[in-house]
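Heads up, the thing below is written out as structure tokens.
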Amino acid sequence: LVHNRSDDAPVRIWTCGCSTGEEAYSLAIAISEFMEKSRKRYPVQIFASDINDRGLEKARAGLYHENILLDVSPERLRRYFTKTEGFYQVSKSIRDMCVFARQNVAIDPPFSNLDLISCRNVLIYLTPVLQKRVMPIFHYALKPHGILFLGTSENIGEASTLFEQVDKKHKFFARKSTPY
């Protein structure tokens, strides 16, 4: 995502179907750790969208029950969360990387000029007709050579003219320079 990127060019990510925000925050944490390790600083914009208003409210608050202890390492818990009234809240610096918005991916305009679209475990809930409709939207939204990241039980279906597989195991697909 940062290969040949100028220091002031933002890393732009869209998490489509963000639910309650765990994936958006996980991406923000991973990018934060990468920047710290590489001693690089890039502006980061993570757009996280969903159709469910209640999920978005929870995502914006960044509050999670103590069961996150099962999935978050003690080191990450210490660095990126604050314990508050029986919950763990994502740190402000990580929350500030994420913008949560209500969006219906099938009919609302997409975000654009993106480096990465994370659409994990969303396509499995869409009919084949809707899946066929959103793939060109993802293609349009990505920069040339941008990456589409799908869930383990998802695939690009009939969109092989728009995307090429980069990593079969982790379901990464690169945008082809094909008009749709």
What helix-only [θ] at 222 nm does the chain give? Using -39500 (n - 2.57) per DSSP H run of at least 4, over all residues, to the nearest 500, the answer is -8500 deg cm²/dmol
Quick one: of the DSSP bridges fully inside the range 37-180, what percent are antiparallel, nearest 5? 60 percent
At a 1.4 Å probe, what is the % contribution of carbon and sulfur to the accessible area of the range 35-180? 53 percent
Tell me the relative contact order for the chain as a rounded percent, counting alpha carbon contacts under 8 Å between residues six or more apart. 21 percent
Net charge near I137, counting Lys/Arg +1 and Asp/Glu -1 over other residues with Cβ under 13 Å of its Cβ? +2
Under 5 Å between amide hydrogens, which residues at least 5 positions from L142 or on another chain qualify, with H placed 1.01 Å from N in the peptide plane? L114
Considering Cα pairs under 8 angstrom that are at least six residues apart, work out the relative contact order of the range 137-180 and quote it in whole percent. 45 percent
Accessible heavy-atom area order of E57, E36, E23, highest first, probe of 1.4 Å: E57, E36, E23
With a length cut of 15 Å (Cα positions projected on each helix's long axis) and a Kyte-Doolittle mean of at least 0.0, go through the chain and give me the DSSP H helices that pass. 22-38, 128-141
DSSP beta bridges in the range 104-180 [antiparallel fraction, %, rounded to 5]: 60 percent
For the modelled label position 7 Å from the Cα of N121 along Cα-to-Cβ, which residues of the range 133-154 have backbone nitrogen atoms closer than 16 Å? 149-154
Relative contact order as a percentage, the range 1-89, C-alpha pairs under 8 Å and 6+ apart, gives 31 percent
Heavy-atom accessible area per residue of the chain, all protein chains kept, 1.4 Å probe, expressed in Å², is 57 Å²
Put R39, R5 in order of accessible area, largest first, probe 1.4 Å, and you get R39, R5
Label-point separation (nm) for K83 and R60, each offset 7 Å from Cα along Cα-to-Cβ? 2.9 nm
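The values are calculated or read from the model by the stated rules, or taken from the named source; none is laboratory data. Because the structure is predicted, anything quoted here is derived from the model rather than measured. All Cβ positions, glycine included, derive from the backbone under ideal geometry; neighbour counts span all protein chains shown. Just the protein is used for accessible areas: all its heavy atoms, side chains included, with ligands, DNA and RNA removed. Shrake-Rupley method; radii C 1.70, N 1.55, O 1.52, S 1.80 Å.
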